[in-house]
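Below: one structure, written as structure tokens.
The values are calculated or read from the model by the stated rules, or taken from the named source; none is laboratory data. Predicted, not measured: the structure shown is a model, and the values here were computed from it. Quick reminder, even Gly has a Cβ in these numbers, built from the backbone with ideal geometry, and neighbours come from all protein chains shown.
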């Protein structure tokens, strides 16, 4: 079964993939720095009317919850907000774009958050992405 | 208190006075010892809050707005806002440092002068120190763990070992580190996120 990206179902499948990732549990075990939002920029041509994304409640290498947010809900309660166009997130989920390298190239933007902390947890970030690649995904065309 | 710090920091000067008979004083060794004293002093001052330096200004050069430039500026600002001892290191650096990420075809120059840092897109001027390699290794440099008291890179950490290996294999190249050893050590401390 494939999950449409973005959707609530995809977000839940992603959370399960994160919690099944032993490498993430290890690399993220010291993470106590708050929730992380992964936000897709609005794209009218893809039917994404407003910024959409998910809020990951991660702590000590575990994803305790995920909240899918569309349109009117903002991500101000996230400690870290990473925002990018749909095409970039697709590259990340397909494992073609390293998230940290993407930030250095300006393909993904850390809109909010403490950059040194992000760099400290670079391996955990990569494991989050690695978990995303495990989710059977149906992309918008 | 400041006399104590001066005596720690002036260790290298004292050693210079003790070695007049040497025809060519081992400058690299002396500067390393001086830097070791400075690291200890800066650690002490950070802990005691003796040097409540305001965060140095970090500015983007006019016309500079590349992604890597913005990332480096943000990393410096966040680190300087967090730690007093990093402010002291920043204030002590003079000169230009070029960082070249070959895989993403990006480079930045950090120009340190009088406690102020200007971050430029590309290589601007003649750098005193340059770091060239893939972006992931450049980022890895800022993950070098520092020893808790001397604040020098821990050579036995996994990150240090992987960086030494990258330098040995030529994937990561650092030019000017020996001739500008204090700058290299201060920069390592300044960019470190450990």
*Provide a single number: the residues in the stretch B:71-99 that are within 22 Å of residue A:107 (Cα to Cα), touching a helix residue (DSSP H, G or I) at 6+ places or on another chain (Cβ under 7 Å) and at the interface with chain A (Cβ under 9 Å from one of its Cβ atoms).*
4
_Checklist (1) outside any helix (DSSP H, G or I); (2) in contact with a helix residue (DSSP H, G or I) (Cβ under 7 Å, 6 or more places away or on another chain) applied to residue B:185, failing item_ = (1)
*Got a sec? Which of A:37, A:43, A:23 is touching a residue at least 12 places away in the same chain (Cβ under 8 Å), in contact with a helix residue (DSSP H, G or I) (Cβ under 9 Å, 6 or more places away or on another chain), under 30 Å from residue B:102 (Cα atoms) and away from every other protein chain (no Cβ under 14 Å)?*
A:23
*Within the stretch B:130-147, is there a residue that is without any contact (Cβ under 8 Å) to a residue 12 or more places away in the chain and not in a helix (DSSP H, G or I)?*
yes
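Go through the stretch A:2-20 and count every residue that is within 16 Å of residue A:59 (Cα to Cα) and either within 15 Å of the chain's Cα centre (by Cα) or part of a helix (DSSP H, G or I) (or both). Please lay out each step first, then the result.
Pass one, the stretch A:2-20, residues within 16 Å of residue A:59 (Cα to Cα): A:14-20.
Those still in the list that are either within 15 Å of the chain's Cα centre (by Cα) or part of a helix (DSSP H, G or I) (or both) too: A:14-19.
Qualifying residue count for the region: 6.
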*Only one of these conditions is not met by residue A:132: (1) away from every other protein chain (no Cβ under 11 Å); (2) in contact (Cβ under 8 Å) with a residue 12 or more places away in the chain; (3) over 15 Å from residue A:38 (Cβ atoms). Which number is it?*
(3)
*When the stretch A:95-111 is examined, which residues are found to be over 14 Å from the mean Cα position of the chain (by Cα) and more than 9 Å from chain B (Cβ to nearest Cβ)?*
A:96
_I want to confirm something. Restricting to the stretch B:146-194 and keeping residues that are over 20 Å from residue B:132 (Cα atoms) and within 14 Å of chain A (Cβ to nearest Cβ), which single residue is modelled with the lowest pLDDT?_
B:194
*Looking only at the stretch A:120-134, decide whether some residue is more than 22 Å from residue A:27 (Cβ to Cβ) and either over 13 Å from the mean Cα position of the chain (by Cα) or crowded, with 21+ Cβ neighbours inside 10 Å (or both).*
no
*Count, please, the residues in the stretch A:69-84 that happen to be more than 14 Å from chain B (Cβ to nearest Cβ) and either surrounded by fewer than 17 Cβ atoms within 10 Å (Cβ to Cβ) or modelled with pLDDT under 90 (or both).*
8
